[in-house]
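Only the coordinates and a few stated rules stand behind these numbers; no lab work does. On a predicted model such as this, the values are computed, not experimentally measured, just so you know. Glycine also receives a Cβ, built like all others from the backbone with ideal geometry; neighbour counts cover every protein chain displayed.
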Amino acid sequence: MKIVVIGGSGLIGSKVVSKLREAGHEVVAASPASGVNTITGEGLAEALKGAQVVLDVANSPSFEDKAVLEFFETSGRNLLAAEAVAGVKHHVALSVVGTDRLSESGYFRGKIAQEKLIRESKIPYTIVHSTQFFEFLGGIAQSGTDGDTVRLSPAFVQPIASDDVATAVADYTLGKPVNGVVEIAGPERVRLSDLVQRFLAKTSDPRKVVQDVHARYFGAELKDETLVPGPNPRIGALGFEAWFALPKPAR
Ligand SMILES: NC(=O)c1ccc[n+]([C@@H]2O[C@H](COP(=O)([O-])OP(=O)(O)OC[C@H]3O[C@@H](n4cnc5c(N)ncnc54)[C@H](OP(=O)(O)O)[C@@H]3O)[C@@H](O)[C@H]2O)c1
C-alpha cells in the first residue's frame, strides 16, 4: 500500500513511518522539511499521487489561538481537497481525547475545526483520539510555570507513551475506516498535578506544583473527567514508571 504521512518528521509521525515501513508498505514521510506543505500546497499533489491512505499527524508550529485555528483549517481544507483529487480511500487523523469538551481553548478550537472538516468530507476516515503523551509532561509543566511554582489542575489524566500511540495509529492506518472516533490511552488514571510533581521530582527539577481547580489547560478550565477517555479505549503498554525507565533517546 502507498501511505502518505503528513507530519512524518514529527514525534509521532517519525515513529509511525518506521513501523509502517517495517510492515512492508511504501511510505512517504511528508512535511515542509521534505518539500510537502499543507498550508501553501507545495508538493502535495505530487506526494499523494497513487496513495490509498493518508495519515495526518501534523501540528501547528504556533500555539497562539488565531494561528492554531488558521493552521488546522487551512491544512485540513487543502489536504482533503488534494486527497479527493488523488482518490485516497482512507483519511486517518490524530486528535485529542476530550477535544469536543474543550472549546474554551484556542488550541482545541483548532482541533475541533480539523475534525469538522474530516467529518464533512466524502473521504472515509478514522479519527484517533489520544490522551496526553508522557513526552508532553515537560511542556505541560512549562505552561503552568510562574517562577518556582507550577499551577496545575488536579483533573484526571490517563497519559500514554508516544511509542504506544505510534503502534496504535499504525494499526488504525492499516485497518478499515471507522467513520468515527476511536480512543487510545495509557494504563493508569492519575491527577495531572500529582503526575507533573512526580515527573519534576524524578528529573531533579526544583519547581513545586500547586493544585488549582481553576488553573487553565491551554486556555480551558478542566473538570475531573474532561481529559479522560470513555469506557473502552485501546490501552497502551507503558505506565509512567516504565516509560521513565526507558533509555533517554527513547523518551
Ligand atoms: N502532545 C500531546 O500530548 C498530544 C495528545 C494527543 C494528540 N496530539 C496530536 O498529535 C499530533 C502530532 O503531534 P506531535 O507531537 O507528533 O507533533 P510534532 O512533533 O510537533 O510534529 C509536527 C509535524 O507537523 C509538521 N508540519 C508543520 N507544519 C506543516 C505544514 N504546513 N505542512 C505539513 N506538515 C507540517 C512538522 O513538519 P516539519 O518537521 O517539517 O516542520 C512535523 O512533522 C498533533 O496533531 C496533536 O494535536 C498530541
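Specify whether the C-alpha gyration tensor of the range 165-251 places it in the rounded, prolate or oblate class, a ≥ b ≥ c being the square roots of the eigenvalues: rounded for a/c under 1.5, otherwise prolate if a/b is larger than b/c and oblate if not.
In terms of gyration-tensor shape, oblate.
Obtain the nm distance between the two label points defined at residue 52 and residue 122 by a simple spin-label model: each point lies 7 Å from its Cα along the Cα-to-C-beta direction.
So the label points at residue 52 and residue 122 sit 2.2 nm apart.
Run the numbers for residue 42 and residue 84: contour at 0.36 nm per residue of separation, minus the present Cα-Cα distance, in nm.
Using 0.36 nm per residue and subtracting the Cα-Cα distance, I get 13.5 nm.
Between the range 1-66 and the range 216-251, what is the separation of their alpha carbon centroids in Å?
Between the Cα centres of the range 1-66 and the range 216-251 lies a distance of 24 Å.
In the structure shown, do any of 116/208; 49/248; 19/66; 15/111; 2/111; 19/208 have a Cα-Cα gap over 29 Å, and if so which?
Over 29 Å apart, Cα to Cα: 116/208; 49/248; 19/66; 19/208.
State, to one decimal in nm, how far the label point of residue 33 lies from the label point of residue 174, with both points 7 Å from Cα in the Cβ direction.
With each label placed 7 Å out from Cα toward Cβ, I get 2.4 nm.
Per DSSP helix of 4 or more residues, -39500 (n - 2.57); summed, then divided by the residues of the chain. What does that give at 222 nm, rounded to the nearest 500?
Mean residue ellipticity at 222 nm (helix-derived): -11000 deg cm²/dmol.
Within the chain, which DSSP H helices have Cα atoms that stretch 20 Å or more along the helix axis and a mean Kyte-Doolittle hydropathy of at least -0.5?
Once both thresholds are applied, what remains is 65-86.
Can you divide the C-alpha Rg of the chain by 2.2 N^0.38 Å and report the result to two decimal places?
Here the answer is 1.00, to two decimals.
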